[in-house]
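Trainee: After the structure tokens below, expect a handful of questions from me.
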Amino acid sequence: MFKSKIFNRVLLAGSFIVTVFIIAKLSGVLQYAFVPQAGNEPTIKKGSVVFMSNILPYDKFTMLAYNQRNKDYHEGVYVQRLIGVENDKVWIKDGNVYVNGVLIDQFNVKHPYKIDRGYANDLIFKGADEHEIFQLNENYFIAQLSDKELNDNFFHERFIDTSPSPDIDKVYHHKDWNADNFGPVVVPGGKLFLLGDNRNSSLDSRYLGFIDENDVVGRIFYPKN
């Protein structure tokens, strides 16, 4: 009889927890999502799970999840860092991001680097995906690296893309803009501008356009960002 009472209490408590979790998820208070791409590395690793909530206030430079509605790209829930809100001026010059004239790349973001063969081999040996290291010519490669990943034992230098982007031109109507040299643009009312931390491997507001505030699903609270 005593064991039966304990079992019933445990079962009841377990049912309550499961019920609360289901309600939380359905209401958006607590949600989770699988991240299949590397567009926010190193902050959010490819293949990781993120947790978010629609009741947490969000500020600039926090990670948000939103419904992507640009018909030219795969629709779904995207995750990126909020860079600009209404009336903010966003400008990307030589890969560096400025908001209202202030350099804001204080985060551990990734940028493309030109590296030599030895560096490329070292990265692959340490577990880097060889499909994400692109051969530039016989001796050099392009890899997306954060400041913490730079190795002074090998040659490396920032690689700045100079090729115009037709995809960006299609959205913003500026033929000479690309991922590394973009803007300035002023964020319209009711809109947001978001970028991935893996700056040149992210499908974000440079290609999708401004994001409607009403399309925000929630703020990412794990992993810490």
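The values are calculated or read from the model by the stated rules, or taken from the named source; none is laboratory data. The structure presented is a predicted model; accordingly, all values stated were derived computationally and were not measured. Cβ: placed from backbone, ideal geometry, glycine included. Neighbour counts: every protein chain shown. We work out accessible area using only protein heavy atoms, side chains counted, and drop any ligands, DNA or RNA first. Shrake-Rupley method; radii C 1.70, N 1.55, O 1.52, S 1.80 Å.
Trainee: Can you tell me which residues in the stretch 140-167 are part of a strand (DSSP E or B), among the small types (Gly, Ala, Ser) and either open to solvent by 30 Å² or more (accessible area, probe 1.4 Å) or touching a Pro at 6+ places or on another chain (Cβ under 6 Å) (or both)?
Mentor: Matches in the stretch 140-167: SER146 only.
Trainee: Can you find a residue in the stretch 171-182 that is of a type in the set (D, E, K, R), out of contact with any strand residue (DSSP E or B) (no Cβ under 6 Å at 6 or more places or on another chain) and within 22 Å of PRO223 (Cβ to Cβ)?
Mentor: No: the stretch 171-182 contains no residue that is of a type in the set (D, E, K, R), out of contact with any strand residue (DSSP E or B) (no Cβ under 6 Å at 6 or more places or on another chain) and within 22 Å of PRO223 (Cβ to Cβ).
Trainee: Here is a check on your reading of the model: is GLU132 in contact with a strand residue (DSSP E or B) (Cβ under 6 Å, 6 or more places away or on another chain) and of a type in the set (Asp, Glu)? Steps first, answer last, please.
Mentor: On the way: in contact with a strand residue (DSSP E or B) (Cβ under 6 Å, 6 or more places away or on another chain): no; of a type in the set (Asp, Glu): yes.
Judged against the criteria, GLU132 is not a match.
Condition check ((1) open to solvent by 50 Å² or more (accessible area, probe 1.4 Å); (2) in a loop (DSSP other than H, G, I, E, B); (3) within 20 Å of ALA38 (Cα to Cα)) across all residues:
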position: TYR113; (1), (2), (3): no, no, yes
position: ILE124; (1), (2), (3): yes, no, yes
position: GLU138; (1), (2), (3): yes, yes, no
position: ASP169; (1), (2), (3): no, no, no
position: HIS174; (1), (2), (3): yes, yes, no
position: ASN214; (1), (2), (3): yes, no, no
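Trainee: Show me the strands (runs of 3 or more DSSP E) entirely contained within the stretch 50-94 in which 3 or more residues are open to solvent by less than 70 Å² (accessible area, probe 1.4 Å).
Mentor: 63-68, 76-84
Trainee: Is one or more of the residues making up the stretch 180-195 farther than 24 Å from ASN87 by Cβ, surrounded by fewer than 18 Cβ atoms within 10 Å (Cβ to Cβ) and of a type in the set (Asp, Glu)?
Mentor: No: zero hits.
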